[in-house]
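Have a look at the structure below, then the notes.
Rule-based calculations on the coordinates, nothing more; no lab input. Since this is a predicted model, take the numbers as computed values, not measurements. Cβ placement follows ideal geometry from the backbone for every residue including glycine, while neighbour counts extend to all protein chains displayed.
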Amino acid sequence: MKKQLKAILIIIPVLIALGITLTFVLPYFKQPDQSPTSKGLVYIYVHSSIYNGLTPEIQQYETDVINQGYNTKVINWTSAIVATLKQNLTNVYPLGLKGAVFIGNIPHAMVDMWGQYASDFYYMDLDGQWDDILPPVGMPEAHSNGTGDMYPEIWIGRINPSSLNNVNITQAYKDYFARNHAYRMGTLTRPHKALLYIDDSWSQWYDEYLSNFTAYSDVDCFWDNSTTTPANYLNNLTQNYEFVQLLVHSTQQDHYFGIGNPPSEGYVNYTNILNTNTTPLFYNLFACSACDFTTSNNLGTQYLFSNSSLAVIGSTRTGGMNMYQSFYDELNNGKIFGEALKTWFRDPNYGPYGPWWSHQYSMGMTILGDPLLTI
């Protein structure tokens, strides 16, 4: 009996010690996305050159994303090597990674497919095969299934005003994150109303574009060729819209209104956007190369860091989101911008692996701004 009592007295402290140890140790082995309430994991990459100067803004943004239901990790990023970043994303994907936000000069991938251009789709597709066969080195010319498929596994968004030479860069970051937080808190609002602006080359299909715009029932549609002019467009950007869908010929720095080159009705350039009191929060630019964030004073970045803007969807190359119902269906169902773009990429009718013509015009699609927002 005494031996049994002695054994019990020895075992009980051991069990207590084991329980305490497991209490502290087990959480370190828990996968980041295992919380039953988590929507998944978001990586926030902040370039080291701006990391310390934006600490309060990044902390607030991370808190907002956590409050949205995601687990987060903020990374002070220094490498300029595309392959290093791609591998980092690939490694963490099995832990529940849903997407990433690139803040600052996070490296961009260049591809050589129907032209040379930046492609964030390269980071989004983590199990496809990208082959760099021909010069120049570092620009894949071919894309195939690889170990999975040619569709995106994650979404990407970029927040970076450094391509602009007409703003104070630090203040542009601070202002952007201030209004981002205000929108999330419900203090920056717009009526749930949209502007659909269709210039001459696409005006004959206005009814089809309007029917695709499923996220909004209250839409002002401008499509008459005599009405869609630079002055009229800029005036509409001062009106109280939440969302703008624009279809117009463009370069990186100029929208071309009318027909021909030079355009018959004139231009809207990045300076016009800067000097206009724009009020919309979101833009989808079917406007060739307008979101080429590698180019100085590109229109997409100018829209994003002007007044109230929060997100701009567009292409770094020729093309854009032609026929966009799957994208707007997702927004209408409460999905974030990143998930809506992922769905559009998988659209068999219009995404990059739909008809032959849609592939080359889709590979430059990107989100400038916060991909975690909803309308």
Checklist entry - How big is the antiparallel share of DSSP beta bridges in the chain, given as a percent to the nearest 5? => result 30
Checklist outcome for this item: Toy charge model, Lys and Arg Cβ at +1, Asp and Glu Cβ at -1: the stretch 41-155 dipole around Cα centroid in debye, rounded to 20, equals 360
Next on the checklist: Given Cβ point charges of +1 (Lys, Arg) and -1 (Asp, Glu) and nothing else, what value in debye, to the nearest 20, does the dipole of the stretch 173-301 about its Cα centre take?
Outcome noted: 640
Checklist entry - Between residue 267 and residue 322, 0.36 nm times their residue separation minus their Cα-Cα distance comes to what? => result 17.6 nm
Item to check | Point-to-point label distance, residue 141-residue 90, nm (Cα→Cβ direction, 7 Å offset) | outcome: 2.2
Checklist entry - So how strong a dipole does the chain carry about its Cα centre when Lys and Arg Cβ are +1 and Asp and Glu Cβ are -1, to the nearest 20 debye? => result 2140
Item to check | Gaussian network model of the chain, Cα within-10 Å springs - most flexible of 227, 294, 72 | outcome: 227
Checklist outcome for this item: Excluding residues fewer than 8 positions from residue 342 in its own chain, the aspartates and glutamates with Cα under 16 Å of it are 120, 125, 127, 149, 153, 329, 330, 370
Checklist entry - Under a Cβ-Cβ cut-off of 12 Å, what is the net charge of the residues other than residue 107 that fall near it, where Lys and Arg count +1 and Asp and Glu count -1? => result +1
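What ranking do 286, 327 get, fewest neighbouring Cβ atoms within 10 angstrom at the top?
Lowest count first: 286, 327.
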Next on the checklist: Among 108, 52, 77, which residue has its Cα furthest toward the positive end of the charge dipole of the stretch 41-155, with +1 on Lys/Arg Cβ and -1 on Asp/Glu Cβ?
Outcome noted: 52
Checklist entry - Along the charge dipole of the chain, Cβ charges K/R +1 and D/E -1, which of 95, 122, 262 sits furthest on the positive end? => result 95
Checklist outcome for this item: Taking the dipole of the stretch 176-247 about the Cα centre (Lys, Arg +1; Asp, Glu -1; charges at Cβ), the one of 180, 229, 247 that reaches farthest to the positive side is 180
Checklist entry - Given 0.36 nm per residue, what is the gain on full extension from residue 170 to residue 149 after removing their alpha carbon distance, in nm? => result 3.6 nm
Checklist entry - Among all helices in the chain defined by DSSP H, which have a length of 27 Å or more along the axis from Cα atoms plus a Kyte-Doolittle mean of at least 0.0? => result 2-25
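At 222 nm, what value in deg cm²/dmol follows for the chain if DSSP H runs of at least 4 each add -39500 (n - 2.57) and the sum is divided by all its residues, to the nearest 500? Kindly include the intermediate steps, with their values, before the conclusion.
Details: 13 runs with 122 residues, N = 375.
Rounded to the nearest 500, the figure is -9500 deg cm²/dmol.
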